[in-house]
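The values are calculated or read from the model by the stated rules, or taken from the named source; none is laboratory data. Just so it is clear, the structure is predicted and the values come from calculations on it, not from any experiment. Methodologically, a virtual Cβ is constructed for each residue, glycine included, from the backbone with ideal geometry; neighbour enumeration extends over all protein chains shown. Ligands, DNA and RNA are stripped out before the accessible areas are found, and what is left, the full protein with its side chains, is counted by its heavy atoms. Shrake-Rupley method; radii C 1.70, N 1.55, O 1.52, S 1.80 Å.
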Amino acid sequence: MLVDRAGRRYPLDEPRWRGDDGSPLLVEPLPGITRDDVDTTVRSQWRYAAALPQPLGRRITLGEGLTPLLPFDVDGVPLSVKPEWFNPTASFKDRGTTVMMSALATQGVTEMLEDSSGNGGSSVAAYAAAAGIRATILAPESTSPAKIQQSRVHGASVELVPGSRQATADEAVRRSASTFYASHNWHPFFLQGTKLLAYEIWEDLGFRAPDAVVLPAGAGSLVLGFHVGFGELLRSGAIGRRPRLLVAQPEHCSPLVAAFAAGAPAVSPGPWSATVAEGTAIAVPVRDREVLAAIRESDGDLAAVPEAAIGPATFELARRGLYAEPTSSIVVPAIREFVRRGSLRPGETTVVILTGSALKASDAVGRLLTAT
């Protein structure tokens, strides 16, 4: 069953993106799986399909998941890194989209609306094309042209919305009265896809949990995916503890950091400004309460990264062969801050997530290069 913040329950097979009270939905807690339930004959994240809440009649898959886990270090601190641009549309969003789109196809949805600052939209456009579902993508007018082009080439209708990322989300909710809204930030099955990255890291590490995961966050779908996935592994007895979730946001738009530091249960309005880390520029995350609670339950931490540090971090990664978009690159200065605080501890097993490729943010990287 699906459940909203008020505790109302809804059928899993009903096309629905929010509760009757307007709050986001989650799948009720599941028992999780063990290594015996992993289908090793499947060379994608669908090898963990036994962890999903129900069988899906149509699997809309492009071979997502099974990204490499590479050795990495920052200032001599040993880490491992997951470059998520090995996914089909070059970002982690494919992990959630494949499951969300499979659910929509199984439910008979033929037309949908999505809002995105780029990677989510291009992912939805690709999987909608694979599913034969008509997709309309709303995106901020400042979105990187490469991401908009990718969505259009896949056949989606893309409309650019003036103003902030939040203005685009508000416009999508307004239009949801006439077109089914399958937002990667709202739809509960998207989180059922992102949680499978927790299962994949568990298998990567020889069926062990890391001590910590470092990742960027805007709306926080990956944070919640890790919370759900590692929670299920804990419930099944496959791991003995949750990894700490260490989360980075750009200082120019860091509502989760501010709320966490204040001990608040939800974000508050702030004087946020534009950031080159466009994928994290979300002033009012839909699932703010759940994201903050997840970080606290993991004994995790958040850090705000100064805008001036994002360009150097992007080039630092690139000069080591990792061409990460600025949204991902904020993890590097965040790692240094977490080490300084003691949230990230040398000698532990820490996995760092690079969420998307700089090939999809070439204009932003070009501006950073010109400024150096």
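Within the stretch 26-92, the proportion of Cα pairs with more than 16 Å between them is 63 percent.
The string of couplings for the stretch 274-287 from the Karplus curve (6.51, -1.76, 1.60, θ = phi - 60°) is 5, 9, 5, 7, 4, x, 10, 7, 10, 6, 10, x, 4, 9 Hz, one whole number per residue in order, with x for Gly and Pro. Basic side chains Lys and Arg get +1 at the Cβ, acidic Asp and Glu get -1 at the Cβ, and with that the dipole of the stretch 162-294 about its Cα centre reaches some 300 debye. Per-residue Karplus couplings for the stretch 181-190, computed as 6.51 cos²θ - 1.76 cosθ + 1.60 with θ equal to phi - 60°, are listed in order as 8, 10, 6, 5, 7, 9, 5, x, 6, 4 Hz, Gly and Pro entered as x.
Among A128, A259, A217, the largest mean-square fluctuation in a Gaussian network model of the chain (Cα springs under 10 Å) belongs to A259.
In the full protein context, the chain carries 37 Å² of accessible surface per residue, based on a 1.4 Å probe and ignoring ligands, DNA and RNA. Over all pairs of different C-alpha atoms, the stretch 1-115 has a mean inverse distance whose reciprocal, the Kirkwood radius, equals 16.5 Å. Near E111, the amide H atoms lying under 5 Å from its own belong to R134; only residues 5 or more places off or on other chains count, and H is placed 1.01 Å from N. Backbone amide hydrogens, once placed in the peptide plane, bring V305 within less than 5 Å of Q249, E251, excluding anything fewer than 5 places away on its chain. With all projection directions averaged, the alpha carbon convex hull of the stretch 272-337 covers 5.1 nm². About the centre of its Cα atoms, the chain shows a dipole size close to 220 debye [charges on the beta carbon of Lys, Arg (+1) and Asp, Glu (-1) only; nearest 20 debye]. Applying 0.36 nm per residue to the separation of R8 and R319 and subtracting their alpha-carbon distance, the gain on full extension is 106.9 nm.
Considering only A177, T98, T41, the residue lying farthest towards the positive end of the dipole of the chain is T41, judged by Cα position with unit charges set on Cβ. Nonpolar atom fraction for the chain, defined as the carbon and sulfur part of the 1.4 Å probe accessible area, stands at 52 percent. The tail of the calculated P(r) for the stretch 1-63 beyond 20 Å holds 42 percent of all Cα-Cα pairs. When the charge dipole of the chain is built from unit charges on Cβ atoms (+1 for Lys and Arg, -1 for Asp and Glu) and taken about the Cα centre, the candidate among Q249, A358, I133 whose Cα reaches farthest toward its positive end is I133.
Classification of the chain by its C-alpha gyration tensor yields a rounded form. The axis ratio a/c (a ≥ b ≥ c) stays under 1.5. For W17, the solvent-accessible surface with a 1.4 Å probe is about 20 Å², rounded to the nearest 10. The GNM of the chain, with springs linking C-alpha atoms under 10 angstrom apart, assigns the highest mean-square fluctuation among A169, A309, A51 to A309.
Couplings for the stretch 45-53, taken from phi via the Karplus curve 6.51 cos²θ - 1.76 cosθ + 1.60 with θ = phi - 60°, read 5, 5, 5, 9, 4, 5, 7, 7, x Hz in order; Gly and Pro are left as x. Along the Cα→Cβ direction, 7 angstrom out, place labels at D75 and S273. What is the inter-label distance in nm? Each label point is offset 7 Å from its Cα along the Cβ direction, giving 2.6 nm.
For the stretch 63-149, the Kirkwood estimate of the hydrodynamic radius, built from every pair of different alpha carbons, is 14.3 Å. The slack between E297 and R174, meaning 0.36 nm per residue of separation minus the straight C-alpha distance, is 40.9 nm.
Using only the C-alpha atoms, the convex hull of the stretch 248-372 corresponds to 114 Å³ per residue. For V352, nonlocal amide neighbours, meaning residues 5 or more places apart or on other chains whose placed amide H falls under 5 Å from its own, are S80, V81, K82, V214.
Centre-to-centre, using Cα atoms only, the stretch 70-90 and the stretch 307-372 are separated by 10 Å.
Can you give the log10 of the normalised intensity I(q)/I(0) at q = 0.13, 0.15, 0.26 Å⁻¹, computed with Debye over equal Cα scatterers of the stretch 101-181? Each listed q corresponds, in turn, to -0.34, -0.46, -1.22. Look at the dipole of the chain built from charges on Cβ: of L70, I148, S123, the Cα furthest out on the positive end belongs to L70.
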